[in-house]
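Presented below is the structure to which this report refers.
FYI, it's all coordinate maths here, none of it is from the lab. Remember, it's a predicted structure, so these values are computed and weren't measured experimentally. Here the Cβ positions follow ideal geometry from the backbone for every residue, glycine too, while neighbour counts run over all protein chains shown.
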Amino acid sequence: MTRAQRHVSRRRFLRGAGGVAIGLPFLLAKEGDTRAQGNEPPQRLVTLFFGNGLPKVLSEKGFDSPSLAALKPFEAKLTMIRGINVYATGLGNGHTMGSMGFACGMDSTRADTKGGPSLDWVAYKETGAATPLPTLSTGVYGADDSQERMRIVHSWRAVRQPNEPIQDTLLLFNQLFGGRTAGPGGDPAKQAKGRASVLDAVIQEYKTVMSDAGGYSPAIRTVIGEHLEHVREMERRVLAQAMAATTAGGTCPAPEAPPALDVLKEKRVANWDKAWPIMVDLYVLALRCDLVRFGNLMVISGGDRFPFTTPFGSVANVHSDVYHRWPGQNGAILIEAVKWQMAKIAELFAKLDDPSYKEGNGGTLFDNTTLVMGTELGEPASHKRDDMTFWVGGGKFKRGFHDLTKVSDVDLYNTVLRGMGIDAKFGDMRYFKGLLPILA
Amino acid sequence: MISVPLAAVVGCFGCSGDINGNSATSTGNGEGGPSSAGGAGGGIAPPGSGGTSATKPSAGAGKGPSSGQRLTKQEYLNTLSDLLRIDAALFAASLPPDATSATTGFRNSLDAQTTAALRSSGFEVVASSVAATVRWTGGLASFAACTDRTPACQTGFVRRLASLLYRRPATDPEAANLVRLFSAVPDDPFEAGARLVLYAALQSPHFIYRLERTDRAAPTPFEVVTRLAFLFWKSAPDEALLALAGQGSLLTDAQVQALIQNLLADPRARRGIRDYADDWIGLYRLEDRSPDSKTGVTSATLRDMRDETLRAVTRVAFEDGGDLRRLFTEERTELTPALGKLYGLNLTGTWQVVDLAPDPRRRGILTHPGVLTVHAGAEHASIVDRGLVVLRSFLCGNVPNPPDAVITQFETIPPNLTDREKFALHSESPVCAACHAAIDALGYPFEPYDVAGRHRTKDAYGNVLREDGAYTIDGTRATFRDVEEFATLVGESKAAEACLVRKLYQYAYGRPLVAEDETQVTRIEQAFKAGGRAWKALAQAVAGATEFRGKAVQ
């Protein structure tokens, strides 16, 4: 494959980045995908987090709730569950604990970690996927409480092992498609070979440290062991990228590198509106290319404080000026903030559900990817975390609006895993009451 | 109408439990954010108690520094810049932020250093970029005595480069492992292989981590100079230091003291104390703050705020005799025009020293806009946040986190009360009273300062804002009329003096204090006092102690 064939034109990518229909998957729809030739699609699970909570009243009409109108077109493919309590506790306020519980269902007494592995990671391990990336996390967010990592990271391998979200569109691209300039020469295959050699040498050094049982402390050896696993993942990714670069008529060509948009550089909706379509495009492309099958996407991290402008007024801090005052002053602005978040998620859904790209079983990526969506608070003013609303998309679940009572998020997560055919116990089982009646 | 972040207003703390509970990051910023320093779990630790677990022995604790740490992001970037003579700050965005230790309040403790795949891949990205872009002539080539594609030239290059980056001579297997990379580019010039070697070495555990074996009775001279360099320069030892270590003669007290003096005389020591103060005071969290059109604070202003305090710490430590108590009472500061506006001053030009002696509302770093802003809510000042940072970072006391339920308990508080009046309600709640008795009065002097650190005499409701209060410090109940008297009270307290020692000690050792450290800490406190409470005296006492050169602890 020539270099020209590997890349979509920059103009075409930027057209998408600007919000105009990007025509995903770039060249994929024309070139096809091996899975699209008749193979059964792989198991996938992506969690979706939107921050600052959802007042109960805004979901009481199910899919007909006006604030959630953006999700209405996907009603036939979504399961909406109301009445979920999140019990995770340990430190901080409701944002902390609600975020702690999301996609994890376990307590934590440390600010730098959730209390256990996340749903996507458990699914990854249970399915034995061997993709270049184990999981992928990204999104648009402010990380205004950056020391409380459970608010910002929703994919965890274990306690204190975060799969940090990628905050920059170019970094996301590089993570997926390489894009290195290191090493001699500009030939991608040569570069990939050089990278592989380097990573192999690096792995040898980590293995030496790990094998030196008498020398280093158990604590540092644990850290080194985790780092070693990361380097091994990088090596697998490099080899996969090298293979893609050298395969004639490659099945999954990379697009041109996008512009670099750092969501934390400008914690503004305008910046996030530019970054999100690129992130979604790359994420969908990664799923199609089978670069990854699990992970998290996020629209606002728990408790973020950012300016927000609507026809009903503007606030400098949507968190304290709007969410904390619900349902009183600035209620109309809160509804607009929720609508904005739902529109972002609907944008993702639409690209996942692109009918022009069907997988081997005839379904879209949406159909074949289990999606679990939620937030950290049931009532933004009180910071309570009961009677909350979550969504499940894709996979094999009963669709429609399920208005349940006093079930838990751990019930939901275990039900989701069961629906994927995974028989693992997930989360703190003290919070498990039983499987939810949504299994098809 | 002014709105008040509920958690800040009503921040109510469940102060039960013993004095040594496990710590966790505070949520004292009014909206759930962490405090800058110290833990928040467990029970109340009064000022001067250390704010640590020092009152109870910990199993397995020893007296030496930590045996393993990952370089912090700042240490990693400083090291790249220093050793390879590049501007590594360009790569800062490739690495995620470091977390703050809940036990020490610093980011260089292993207990705060989570492992993230994104960080590991970030190291790879930076290594790749550096290896590709570092200059050959006058740069990487300086590590090569010859550039023939012969084993001798390759090995010579690898040994010299790796010995610098690994902070000790590379072992034979390490050198052989890296030399093999030349064979990955058999048809290319020597330079191509050399860049691959750099690419790999920058990802080595021996570069990214500070690894010390725990099966030896004492650290090697290379490990000693590494400890010193990271403490004072926030960076790796250079070739000169490593050459000194290679002589194997660094172990006498006199030699180490002389070496410390040399390290402190180096310009990198000023960067070192800036980075230390950034961690200690939590100023780096200004990066999380957004510009605010209401106060006129821009991104540039936020950077200036951080710089003002870091400049002040550096100036006090290195230029004004070094008595660190002046951090609390200093009457001069350096300002830009943007910062001048926050002080009510009309300045022009760039950074300039301003004498604030005529203005008693500005004394020391506690009244710096950066300190006041980073320890405030996003939109509203908080006497709790500001009281907490005084308690934890400057007096080494502690209180636990507030229970979540308190957020809803005080929604009925009339909004037109002052912070002080709202917090007076704590005295009516047995759940809240104990902790807030330890916090609130330390925040009273700062009530007149808004979220951007601007002084005002009345709030939006016309309430007159007060600065006075009373607090028990060094075992004595003391009153203060205003922030100037408060600054003097804190600055002259034994609690603050002891805290200066304990903070640097934990930073230097990369771990929390334990009971076994107390004897040594007391000795350092005495040396600090005898040395005029100067930065250099403190630095020499901490780093010159034989324990600092002792066996690393797990």
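Please give the charge dipole size of the range A:310-390, origin at the Cα centre, charges +1 on K and R Cβ atoms and -1 on D and E Cβ atoms. Round to the nearest 20 debye.
Values: 7 positive and 11 negative charges, 36 e Å.
That gives the range A:310-390 a dipole magnitude of about 180 debye.
When the alpha carbon gyration tensor of chain A is reduced to an equivalent ellipsoid, its three semi-axes come out at 34, 26, 22 angstrom, largest first.
Of the cross-linked pairs A:LYS125/A:LYS207; A:LYS61/A:LYS339; B:LYS73/B:LYS503; A:LYS72/A:LYS398, which ones have a Cα-Cα span greater than 18 Å in the structure shown?
A:LYS125/A:LYS207; B:LYS73/B:LYS503, as the Cα separations exceed 18 Å there.
Taking every DSSP beta bridge that has both ends in chain A, the antiparallel portion is near 45%.
Dipole of chain B computed with +1 at Lys/Arg Cβ and -1 at Asp/Glu Cβ about the Cα centre; of B:VAL130, B:LEU164, B:PRO267, farthest Cα towards the positive end is B:LEU164. Our coupling estimate for the range A:79-85, obtained by passing each phi through the Karplus curve with A = 6.51, B = -1.76, C = 1.60 and θ = phi - 60°, is 10, 10, 10, 10, x, 8, 9 Hz, Gly and Pro reported as x.
Provide a whole-number value for the mean count of partner chain Cβ atoms within 10 Å of the Cβ atoms in peptide A:220-229.
Numbers: counts 15, 2, 3, 9, 7, 1, 5, 11, 3, 3.
Partner Cβ neighbours, averaged per residue: 6.
Per-residue shielding of B:176-184, expressed as the average number of other chain Cβ atoms within 10 Å of the residue Cβ, stands at 4. Here the relative contact order of chain B, from alpha carbon pairs under 8 Å that lie six or more residues apart, stands at 26 percent.
For peptide A:110-121, compute the average count of partner chain beta-carbon atoms within 10 Å of each residue's beta-carbon. Write out the running numbers ahead of the final one.
Working: counts 10, 14, 12, 2, 0, 0, 0, 0, 0, 0, 0, 0.
For peptide A:110-121, the averaged partner shielding equals 3.
Quick one: pull the percentage of alpha-carbon pairs in chain B with a separation above 34 Å. Percent of Cα pairs beyond 34 Å in chain B: 42.
For the range B:123-138 and the range A:200-241, compute the distance between their C-alpha centroids and round to whole Å. Cα centres, the range B:123-138 to the range A:200-241: 22 Å.
Give, rounded to the nearest 20 debye, the magnitude of the charge dipole that the protein assembly as shown has about its Cα centre when Lys and Arg contribute +1 at Cβ and Asp and Glu contribute -1 at Cβ. Walk me through the intermediate numbers first.
Values: 110 positive and 108 negative charges, 313 e Å.
For the protein assembly as shown, the charge dipole is close to 1500 debye.
Among the chymotrypsin sites (Phe, Trp or Tyr not before Pro) in the range B:434-531, which ones are in a DSSP loop with at most 12 other Cβ atoms within 10 Å of the Cβ? Mind listing them? Can you show the working numbers first?
Values: sites: B:PHE446, B:TYR449, B:TYR461, B:TYR471, B:PHE480, B:PHE486, B:TYR505, B:TYR507, B:TYR509, B:PHE528; in loops: B:TYR461.
Here the sparse-neighbourhood loop sites are B:TYR461.
For the range B:268-312 and the range B:450-489, compute the distance between their C-alpha centroids and round to whole Å. The range B:268-312 and the range B:450-489 have Cα centres spaced 23 Å from each other.
Report, in debye and to the nearest 20, how large the dipole of the range B:241-359 comes out about its Cα centre when Lys and Arg carry +1 and Asp and Glu carry -1 on their Cβ. Dipole of the range B:241-359, to the nearest 20 debye: 220 debye. Under 5 Å between amide hydrogens, built in the peptide plane, is the criterion, and for A:PHE397 it picks out A:ALA440 among residues at least 5 positions away or on other chains. Using Cα pairs under 8 angstrom and six or more residues apart, how large is the relative contact order of chain A, in percent? Computed over chain A, the figure is 32 percent.
Look at A:ARG305, A:ARG157 and count the other Cβ atoms within 10 Å of each Cβ; fewest to most, that gives A:ARG157, A:ARG305. When the protein assembly as shown is described by a simple charge dipole with +1 on each Lys and Arg Cβ and -1 on each Asp and Glu Cβ, the residue from A:VAL159, A:GLN329, B:LEU310 located farthest towards its positive end is A:VAL159. Projecting the Cα positions of A:ALA69, A:THR415, A:VAL86 onto the charge dipole of chain A (unit charges on Cβ atoms of Lys, Arg, Asp and Glu, taken about the Cα centre) puts A:ALA69 furthest along the positive direction. Between A:GLY394, A:GLY362, A:GLY215, the GNM of chain A built on Cα springs shorter than 10 angstrom shows A:GLY215 fluctuating the most. Taking other C-beta atoms within 10 angstrom as a stand-in for reagent exposure, B:THR418, B:THR252, B:THR546 fall in the order B:THR252, B:THR546, B:THR418, fewest first. Listing B:HIS206, B:HIS375 from fewest to most neighbouring C-beta atoms within 10 Å gives B:HIS206, B:HIS375. Sparsely packed loop sites in the range A:266-370 (the GluC sites (Glu not before Pro) outside DSSP H, G, I, E and B with at most 14 other Cβ atoms within 10 Å) do not occur.
Karplus-derived 3J(HN,Hα) values for the range B:304-317, using 6.51 cos²θ - 1.76 cosθ + 1.60 with θ = phi - 60°, are 5, 4, 4, 5, 4, 6, 5, 5, 5, 5, 5, 5, 4, 6 Hz; glycine and proline are entered as x.
For A:VAL372, the residues whose modelled amide H falls within less than 5 Å of its own, excluding neighbours fewer than 5 places apart on the same chain, are A:VAL46, A:THR47, A:LEU48, A:GLY393.
From the alpha carbon centroid of the range B:154-226 to that of the range B:498-520 is 33 Å. Sequence-distant contacts, meaning Cα pairs under 8 Å at least 6 residues apart, place the relative contact order of the range A:77-232 at 15 percent.
A simple rule links phi to the HN-Hα coupling: the Karplus curve 6.51 cos²θ - 1.76 cosθ + 1.60 with θ = phi - 60°, which for the range B:254-264 gives 5, 5, 5, 4, 5, 5, 4, 4, 5, 5, 6 Hz, with x for Gly and Pro.
Could you tell me what percent of the DSSP beta bridges with both partners in the protein assembly as shown are antiparallel, to the nearest 5? Write down the numbers at each step before the final one.
Values: 34 of 58 bridges.
So the antiparallel bridges amount to about 60 percent of the total.
Proximity of backbone amide H atoms, modeled 1.01 Å from N, is registered between B:GLY64 and B:VAL553 at under 5 Å, excluding neighbours fewer than 5 places apart on the same chain.
I need the trypsin sites (Lys or Arg not before Pro) found in the range A:339-427, filtered to DSSP loop residues with at most 12 other beta carbons within 10 Å of theirs.
Values: sites: A:LYS339, A:LYS344, A:LYS351, A:LYS358, A:LYS384, A:ARG385, A:LYS396, A:LYS398, A:ARG399, A:LYS406, A:ARG418, A:LYS425; in loops: A:LYS358, A:ARG385, A:LYS396, A:LYS398, A:ARG399, A:LYS425.
Passing sites in the range A:339-427 are A:LYS396, A:LYS425.
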